Amino acid sequence: MAMSTVGYEIDGEVAVLTVEYPPVNALSAAVRTGLGEALERARSDAAVRAVVILGGGKTFIAGADITEFGTDKSKVKPSLQDIQTVLEGFPKLTIAAIHGTALGGGLELALTCHARVAVPAARVGLPEVNLGLLPGAGGTQRLPRLTGVEVGIDLITSGKHIPSQQALALGVIDAIVDDVRSGAVAYAREALAKGISFVPVIERNDKVTGIDAAVFAAARKQVGAKARGKIAPMVIIDCIEAACTRSAAEGLVYEKERFQELFASDQRAALMHYFFAERQARKIPGIPADVKPKPIQSCAIIGAGTMGGGIAMTFANAGIPVTLLDLDQASLDRGLGVVRNNYGISVSRGSISQEKMDSALALITPTLAYDDLATCDIVIEAALERMDIKKEIFFRLDGLMKPGAILASNTSYLSIDEIASVTSRPGDVVGCHFFSPANVMKLLENVRSASTSDETIITVMEMGKMIGKVPVLARNADGFIGNRMLQYYTGEAEFLLEQGATPEQIDRVATRFGMAMGPMSMRDMAGMDMAVVSRKGRAASIPAGERVSPIVERLVEAGRYGQKTAKGFYRYEGREKFSDPEAIAIIESVSKEFGITRREFTDDEVEARLFAPLVNEGAKEIEDGTAIRASDIDVAWVNGYGFPVHRGGPMFWGEKYGLDRIYQMALDAAERNGPRWAPGKLLERLAKEGKGWDAA
Ligand code: CAA
């Protein structure tokens, strides 16, 4: 007989059921079967008066087994709901004993126990929304019965994990215990001794009775504004409303129906793709398993500007001491002032506590002396984007840093190979490209040169996770993964303007799609003068015969730099923006100058034109090895460029849209704009064979 996934031990009158299903004790068919059997055993064991359910290893149950979704295994009985029915009607006391995380179906299972206890470091949550789902095992019906409706809406629509203390205060758990197992057993004994009778959560109606409909209207407005087109959060509100307006039995049926609707949605497929993509991105083929990351316990940063300051905050937030260097006291003071101010804003918004701010600031040591950096485990250079300056710095670091230290550059497009060439230790040199604002944006684009060592690569990937970023590995190439693609997105947006689309239409389509911001508004915000400078700097790399729209240059010539001059693609009054006939006239004059006939575009046409070039360039990155796999590109775009996660990323979107159509569009684009826009060999092959990225 196969080893059971659920251990059964007797501790006096308490049966301890331990789920053993690494890595996260997900509720696989095997675990459900094991739990069903163990519960029957406890039921028929006359000496047992209480049951404690516990997770083996480092966590309680982290939810349904996502790898079984949609497979026959997910249909194996007992279902999670069957087990919950058993638990809710169990004739003996049942206690969920939580350590690590109780997430999704794991927490929902715990909500059908009579009581829940957790260790101080545990966290609980219903994160299904992040997979485009709702907690379909009664989570929307039971959690609000404990926390009240408003908190329930907040927790389930955000999917956040909350720590034990907060869970206790909100009524999600009943007690905090020091040791998960003995604490839960003691809790059970005491409850038995006192003869406490627990009312099943589903029967506790006081917090879901008499709720004003206005509560839901307000929630829909607030959550809807943040959802950017995601459907699951709105459906969750419907279900919580049903918990308040229907009987418990009807509410559970309604929740199940809505779960199935979400399960069948494209957004669910995209979000699940993204979940695995993010984890896959950390796996680097070809690196032997015995290569281990080096410890990163201290960090040095060169340059206290916007990037350097943001990076310093990131490390300090993760509890890692930072030495922040700049060349003169004034720059250092200015940089630290910005850091302090940013923390202050977070404190005033309530997103961090004053103590957290103080402890983070205490970890940042400013300095003017290079010698202070020498013993740090990693140094990240965030100086000006000029190769001569970078080389000078790396030459100096080579002579200074302790052996084995990682020497990283935050450059967004300069060659890591060239930077590494001035050192005697190119194996330790790597790109660590953070995105602005670095303390907020999740993407860490790590860049390996031809000589970066496996150990260095593994270290910066591991470090990314440790500091709360989502790391992706790129090979050295102009613009790496993300920025290399970005120029085609913004470039096509400008060509669309020349052909007759308006800034409003393009931005509307992009935000309808779910982008955080449209490309024209993005340019206005970043400042078009900056774009012109960077385009001039890169002009040499643009081959002859390539069209680059001069619209941005023309706007700058007319003093329209964007928000900073209150006019760019739009006209601004404070933070409000308006369509501006003057900008349109400039755009139209460019169309005329190049003999381009302006026409109307449908929104769908604009959408496809905006995103298809990303897919084409992404395919070329897979082809030339800049990106390891298509899903890494998705991870980069979701976390660094505001691409909507519920679309799965540009490559996932492209495959769904049809690689054959993308291929055809690339041929057309090349005709209009020049050979750089032409499809690569990989896209051509996949399009012709009717295959997806799996066959890349
Ligand atoms: N099912 C199957 N595998 C899972 C899983 C799950 N629910 N959660 C995590 N894993 C796997 C990961 O894919 C990863 O596998 P590999 O090592 O092969 O890549 C491994 O477990 C470790 O995961 P992480 O790298 O994420 O480890 P971590 O320690 O950083 O985080 C975690 C652990 C907090 C549990 C995190 O994995 C997580 O958030 N998991 C998802 C939890 C979740 O969404 N649960 C709800 C599921 S849906 C549901 O329950 C529906 C319902 O209502 C019935």
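Every number in this text was worked out from the coordinates using simple rules, so none of it is lab data. Because the structure is predicted, anything quoted here is derived from the model rather than measured. Note that we place each Cβ from the backbone using ideal geometry, even for glycine, and neighbour counts take in every protein chain shown.
Spin-label model, K442/A225: points 7 Å from Cα along the beta carbon direction are separated by 2.2 nm. Using a cutoff of 8 angstrom between alpha carbon atoms and counting only pairs six or more residues apart, the relative contact order for the stretch 6-263 works out to 18 percent. DSSP bridge analysis restricted to the stretch 299-478 gives an antiparallel fraction near 15%, rounded to the nearest 5.
A simple count of charges around D65, restricted to other residues whose Cβ falls under 12 Å of its Cβ and scoring Lys, Arg +1 and Asp, Glu -1, yields +1.
Rounded, prolate or oblate: which one fits the stretch 156-296, using the alpha carbon gyration tensor with axes a ≥ b ≥ c (rounded when a/c is under 1.5, else prolate when a/b beats b/c, else oblate)? Walk me through the numbers on the way to the answer.
Details: a/c = 2.34, a/b = 1.14, b/c = 2.06.
Verdict is oblate for the stretch 156-296.
Distance from the alpha carbon centroid of the stretch 239-253 to that of the stretch 524-551 works out to 56 angstrom.
Using the basic label-point model (7 angstrom from Cα toward the beta carbon), what is the K73 to D328 distance in nanometres? With each label placed 7 Å out from Cα toward Cβ, I get 6.3 nm.
Please say if the stretch 277-399 is rounded, prolate or oblate, where rounded means a/c under 1.5 for a ≥ b ≥ c the square roots of the C-alpha gyration tensor eigenvalues, and otherwise the choice is prolate for a/b larger than b/c and oblate otherwise?
Taking the square roots of the gyration eigenvalues as a ≥ b ≥ c, the stretch 277-399 is oblate.
If both residues of a DSSP beta bridge must be in the stretch 6-263, then about 30% of such bridges are antiparallel. Shape annotation for the stretch 6-263: C-alpha extents along the principal axes are 53, 41, 32 Å, from largest to smallest.
A simple spin-label model places the labels of A539 and A678 2.6 nm from each other, with each point 7 Å out along Cα-to-Cβ. Look at the Cα gyration tensor of the stretch 299-478: its axes a ≥ b ≥ c give a/c of at least 1.5 with a/b over b/c, and that counts as prolate. Legend: ranking of residues Y274, Y570 from fewest to most surrounding C-beta atoms inside 10 Å; resulting order Y570, Y274.
Excluding P503 itself, calculate the net charge of residues whose Cβ lies under 13 Å from the Cβ of P503, where each Lys or Arg counts +1 and each Asp or Glu counts -1.
That works out to -2.
For the peptides 62-73, 397-408, 424-435, the ranking by packing is 424-435, 397-408, 62-73, with the highest mean count of neighbouring Cβ atoms within 10 Å listed first.
Each residue in M357, M530 was given a count of other beta-carbon atoms within 10 angstrom of its own, and listing them fewest first yields M530, M357.
Kirkwood radius, the stretch 650-696, all distinct C-alpha pairs, inverse of mean reciprocal distance: 10.6 Å. Annotation: the residues M441, M525, M461, M485, sorted from fewest to most other C-beta atoms within 10 Å of their own C-beta, follow the order M525, M441, M461, M485.
Screening the chain for whole DSSP H helices of 27 Å or more along their axis (Cα) with average Kyte-Doolittle hydropathy at least -1.0 returns 329-349, 603-624. The distance separating the Cα centre of the stretch 381-446 from that of the stretch 38-68 comes to 50 Å.
One chain, two ends: D11 and K656. Fully extended at 0.36 nm per residue, the span grows by 226.8 nm beyond their Cα-Cα distance. Full extension of the chain between E385 and D238 gives 47.9 nm of extra length, using 0.36 nm per residue less the Cα-Cα distance.
What order, most packed first, do the peptides 119-125, 329-335, 317-323 have when packing is the mean number of other Cβ atoms within 10 Å of each residue? All intermediate terms of the calculation are to be shown ahead of the outcome.
Values: 119-125: 20.3, 329-335: 15.0, 317-323: 18.4.
Going from most to least packed, we get 119-125, 317-323, 329-335.
Rounded to the nearest 0.05, the FRET efficiency derived from the C-beta distance between E20 and I284 at R0 = 35 Å is 0.75.
In the chain, the convex hull through the Cα atoms has an average projected area of 33.7 nm², a quarter of its surface area. For K194 and K58, the difference between the fully extended length at 0.36 nm per residue and the C-alpha to C-alpha distance is 45.8 nm. Global size of the stretch 32-96: 13.0, 40 Å for Rg and Dmax (C-alpha atoms, Rg to one decimal, Dmax whole).
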